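A.B. asks: Starting off with a structure, shown below.
Here, each number is a calculation from the coordinates, and none is a lab measurement. Please read all numbers here as calculations on a predicted model, not as lab measurements. When we count neighbours, we look across all protein chains shown, and the Cβ atoms used for this are built from the backbone with ideal geometry, even at glycine.
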Amino acid sequence: MPRALLALAIGAFAIGTTEFVVMGMLPEIADGLGVSVSAVGILISAYAIGVVIGAPTLTAVGLRFTPRQTLVALMVVFVVGNVLSALAPSYGLLVAARVLTALAHGSFFGVGAVAARRLVPPDRATRAISLMITGLTLANVIGVPLGTFVAQHASWRIVLGAIAVIGIATIAGLLAWMPSDAGEPTDLRVELRAFRRAQVWLVLALTMVGFSALFAVYSYVSPILTELGGIPTAWVTPVLALFGAGTTVGTLAGGRLGDRYGFSFVAVGLVAMAGVLVAFAFLARTTVAAVALLVLFGTLSFALGPVVQNAVIDAARVPGGSLVSAANQAAFNVANALGAALGALVISQGLGYTAPMWVGAVLALVGAVLALFARAAGRRAAAADVVAVAPRRRDTLQETAAA
């Protein structure tokens, strides 16, 4: 494994930890700033808004630089945001600092995915992206539980400060290990041409719809486990750690399977997700089955992430591809909001906590259909490229023969 991938994974770990650890520190932050827990909950929405804004904006600004330069600059923004968050004397300044921190999130993963592909042979591109994303999944297994523990027994400010230190370590790793030639500066107009391709929009739609299935269920995982599965509240955290372990295994496995099967794997994986959710809806009141199906669901969901991220860059068919890569990260956040909203809608209608599972199953099946359309569009584009290249080859051969 190129050491530059390790630097990207460390950065992903830091970003994943800072995004999700706030959920576990809400009471401590509220007490420290003298505000309500519900008010502190706005920090989660503020972060999501920052991701959606920053992904395309900072990526567009960074196109004039190499991926190495852009990634280092993004980590500097990330470190500054976390330091300001750790030192924030008031609630308003903490919200502003969290938005600043989030600006780097989507762009880092978008540009990082493009850089990761350049570090390995083409047939290992998805695997390289999966290794970077593994840092994000490990954040839920290690970073978030550890950060929550430190916040409960020491201070939430220490947690955010420690995350800033991890960001500094990422900068050092990028400067030491990321090759300066892992991608060249590109032009905004060239990158924007990618959005003329139907396949790009199909992949983005797949991300928004297919991955909404994950968030429709995961957003309500705690009441699902306690009220349906009969799991004691104290056991929710260990179960979520198992879920996180499943996502890590899925991410690594998805990297290998994606390089081999491409969009066929995505379509099959989404159908399998739908099947797991249907089984979950019927077996949610059986504790062991509920836990096993939840972990399997997480494994399948995260196995598809690296494949889709690599696919959208391939679909762009432009030098670089950072802008569509970052757009896909924004699409993941749209999926987060859409899935959670649809889950809330069916629960509010009195349909119970199995309803989000049925919603997720439908979303996954729609995503599978979009994956098939995207695969077909990719094949048509590849065939068109062959047709376009053939006359040029023939002319070259004729010129050689004449010479």
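A.B. asks: Calculate I(q)/I(0) for segment 1-147 by the Debye formula, one identical point scatterer on each C-alpha and no solvent, and give its log10 at q = 0.19, 0.21 Å⁻¹ to two decimals.
C.D. replies: Scattering profile of segment 1-147, log10 relative to I(0): -1.10, -1.27.
A.B. asks: Bin width 10 Å, alpha-carbon pairs only: give the P(r) of the chain as whole percents, running from 0 to the bin holding the largest distance.
C.D. replies: Values per bin, smallest distances first: 5, 22, 32, 25, 11, 3, 1, 1, 0.
A.B. asks: I've got another one for you. Could you give the nm distance between label points at Ser264 and Asp187, where each point is 7 Å from its Cα heading toward the beta carbon?
C.D. replies: Each label point lies 7 Å from its Cα, and together they span 3.9 nm.
A.B. asks: For Phe65, which sequence-distant residues (separation of 5 or more, or a different chain) have an amide H within less than 5 Å of its own amide H, given hydrogens modelled in the peptide plane?
C.D. replies: Answer set, sorted by chain and number: Thr186.
A.B. asks: Here is a further query. Only loop residues by DSSP count here, and only those with at most 13 other Cβ atoms within 10 Å; note down the chymotrypsin sites (Phe, Trp or Tyr not before Pro) in segment 136-220 that meet that.
C.D. replies: Here no chymotrypsin sites (Phe, Trp or Tyr not before Pro) fit, given the DSSP loop and packing criteria.
A.B. asks: So if we plug the beta-carbon distance of Phe149 and Ala60 into 1/(1 + (r/R0)^6) with R0 = 45 Å, what FRET efficiency do we get, rounded to 0.05?
C.D. replies: 0.70
A.B. asks: Follow-up. Can I get the semi-axes of segment 191-393's equivalent ellipsoid? Compute them from the C-alpha gyration tensor as square roots of 5 times the eigenvalues, in angstrom, largest first.
C.D. replies: Computed over segment 191-393, the values are 35, 16, 14 Å.
A.B. asks: A further question follows. How would Leu33, Leu277 line up from fewest to most surrounding beta-carbon atoms within 10 angstrom?
C.D. replies: Listed from fewest to most nearby Cβ atoms, that is Leu33, Leu277.
A.B. asks: Could you work out [θ]222 nm for the chain from helices alone, using -39500 (n - 2.57) per DSSP H run of at least four and dividing by all its residues? Round to the nearest 500 deg cm²/dmol.
C.D. replies: The per-residue figure over the chain is -28000 deg cm²/dmol.
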